[in-house]
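Asks: I am attaching a structure below and will ask some questions about it afterwards.
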Amino acid sequence: MAIANPPDESPGQKSEPSDLRHSLRRRPTASSAPDYSSKTNGNSSSNGDESSVGTSSECEDSVRIGNRNGRTHVEDTGTKVAGGEDLKREPDVSVRFAYTPAVPAHRRVKESPLSSDAIFKQSHAGLFNLCIVVLVAVNSRLIIENLMKYGLLIGSGFWFSSRSLRDWPLLMCCLTLPLLFLAAFVVEKSVQHKLVSEVVAGFCHFVITTLAIVYPVVVILRCNSAVLSGITLMLFACIVWLKLVSYAHTNFDLRSLAKAADRGDASFSSLHVDHPYSVSLKSLAYFMVAPTLCYQLTYPRTTSIRKGWVTRQLIKLVIFTGFMGFIIEQYINPIVKNSQHPLKGNFLYAIERVLKLSVPTLYVWLCMFYCFFHLWLNILAEILRFGDREFYKDWWNAKTIEEYWRMWNMPVHKWMVRHVYFPCLRNGIPKGVAVFIAFFVSAVFHELCIGVPCRNFKMWAFIGIMFQIPLVIVTNYLQARFRNSMVGNMIFWLFFCILGQPMCVLLYYHDLMN
């Protein structure tokens, strides 16, 4: 925009810098009106001594007047020249020359931020913060109301009963399970030195992995342990089993690739393996404690340990674990104790109990996910300098049940894909049957982790996981039928978190009490 020369100064006035005065030359006339159709950023361009006047992409935010060569800028708060001097002697310069009525206020087609075409192109961090504030406010009121009405209900009976001190056999079982890794190492070392055949090694690994599950189950059932102690031991036993299977399966595959390479088999030579086959106690020891279920000789590593970061995560872990225990003791336990068996009472009453139990159960489940998958696994990875920390993906955005199971627990998903799903496909098993086998294995371990500590073998957890298969089919159909829809995501939240988990809690509680 061309600007007219300012009036001559009187002898008593202070002179403006020559480059600023030179950049503000003449005011626009009708004949010199700028052509805005060729501008992209709202700034008119000039050459040589010509100055440019315009606005940023958003006319309302700020107005700059600048010369490309002299780098003269006029802003809302004052004037700056190339040397960095802040010219505040005439604060009305930007007002007089910057955003005149002749400057267009509307330059291009725009959508409202909340319109359907632009809503996913905007950042909604502020709305997310609002939801968090409202959630905290509402639940704080409910917590205060509950404390005023019932008092503090937290007790040690659920976490540590009078028989908890007799649970030392479970602790001893937990401490002796890692010895199975040493047995697996001896088997692999024997195969490497050709002391035993592949068939014998496979049988030994079968015995070792079976013992990793049967031994804890027998200890839990014979010792009549507390529920929490039994669940902890079974979770640890399942992790040991999964790691032992991965260790044996991976070493077998590495041996096969090494033998194929020795034979010069072209079909296997194209498969590049980062490291050759070897049996190392050091790599096994690291795998035993690493936050992964898939064995490999080396892992991506970070350069250092952030001690301050680890401390902050540990504090968060303590806080959220305490919050989870508070919800269980203050809300879930009273609701469950005052409810009837959901399959043996009034149907409407059972629905009311399930819906009332759904919110605190959902909070506990989310806290469990955050504590274990985000805090604990990241703490362990930081201490061990384990580099690959994709322990979960954005499962909360999953549009189908199948997407959810692929994203919410990445260590188990990678194990399933590596040691169950693709081996089934390589052996000619159809894809649908391979998916069924993967869900079947998952259902068995869910039942072991819940049914054995509760001493209830009515297969509620197993049925709940296998019921995911028809839900996968339904949500995949809906996603294909209504593209770019979140119907599958809503079905997931409804059946898995709102109805499924509270129903399982009621079923296992009443069967355990009876």
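Asks: Being open to solvent by less than 20 Å² (accessible area, probe 1.4 Å) and closer than 26 Å to VAL219 by Cβ is the filter here, so list the residues in the stretch 460-478 that pass it.
Replies: If the condition is that a residue be open to solvent by less than 20 Å² (accessible area, probe 1.4 Å) and closer than 26 Å to VAL219 by Cβ, then ALA461, ILE465 are the ones that fit.
Asks: Can you tell me which residues in the stretch 402-418 are open to solvent by 60 Å² or more (accessible area, probe 1.4 Å) and at pLDDT 90 or above?
Replies: Residues satisfying the conditions are LYS414, ARG418.
Asks: Separate question: Scan the stretch 464-476 and tell me whether some residue there is over 22 Å from LYS399 (Cα atoms) and within 25 Å of the chain's Cα centre (by Cα).
Replies: No - not one qualifying residue is present in the stretch 464-476.
Asks: Kindly provide the set of residues from the stretch 282-306 that are polar (S, T, N, Q) and outside any loop (DSSP other than H, G, I, E, B), ordered by number.
Replies: Matches in the stretch 282-306: SER283 only.
Asks: Let me ask you something else. Can you tell which of LYS393, LYS399 is in a loop (DSSP other than H, G, I, E, B) and open to solvent by 70 Å² or more (accessible area, probe 1.4 Å)?
Replies: Residue meeting the stated conditions: LYS393.
Asks: Given (1) part of a helix (DSSP H, G or I); (2) within 19 Å of the chain's Cα centre (by Cα), identify the lone condition not met by ILE315.
Replies: The failed condition is (2).
Asks: Here is a check on your reading of the model: is ALA237 open to solvent by less than 20 Å² (accessible area, probe 1.4 Å) and modelled with pLDDT under 80?
Replies: no
Asks: Anything in the stretch 132-167 that is modelled with pLDDT under 80, over 16 Å from GLN330 (Cβ atoms), in a helix (DSSP H, G or I) and not polar (S, T, N, Q)? List them, or say none.
Replies: Listed by number, the residues that qualify are LEU165, ARG166, ASP167.
Asks: Among (1) over 13 Å from PRO291 (Cβ atoms); (2) assigned to a helix (DSSP H, G or I); (3) basic (Lys, Arg), there is one condition LYS414 misses while meeting the rest; what is its number?
Replies: It fails just one condition, (1).
Asks: Would you say ALA350 is within 21 Å of PHE495 (Cα to Cα) and surrounded by 18 or more Cβ atoms within 10 Å (Cβ to Cβ)?
Replies: Here the answer is yes, as ALA350 does meet what is asked.
Asks: Among (1) within 25 Å of SER197 (Cβ to Cβ); (2) hydrophobic (A, V, I, L, M, F, W, C); (3) open to solvent by 60 Å² or more (accessible area, probe 1.4 Å); (4) at pLDDT below 80, where does ALA260 come up short?
Replies: (3)
Asks: PHE457: part of a loop (DSSP other than H, G, I, E, B) and open to solvent by 70 Å² or more (accessible area, probe 1.4 Å), yes or no?
Replies: yes
Asks: Can you name the residue in the stretch 96-131 that is charged (D, E, K, R) and modelled with pLDDT under 75 and is also most open to solvent (accessible area, probe 1.4 Å) among such residues?
Replies: LYS121
Asks: When you check ALA443 against the structure, is it part of a helix (DSSP H, G or I) and farther than 30 Å from PRO334 by Cα, yes or no?
Replies: No: the conditions fail for ALA443.
Asks: Of all the residues that make up the stretch 479-511, how many are without any contact (Cβ under 8 Å) to a residue 40 or more places away in the chain and crowded, with 19+ Cβ neighbours inside 10 Å?
Replies: 2
The values are calculated or read from the model by the stated rules, or taken from the named source; none is laboratory data. In this text the structure is predicted, and so the values were computed from the model without any measurement. Backbone-built Cβ (ideal geometry, glycine too); neighbour counts: all protein chains shown. Surface accessibility is based on the protein's heavy atoms, side chains included, excluding ligands, DNA and RNA. Shrake-Rupley method; radii C 1.70, N 1.55, O 1.52, S 1.80 Å.
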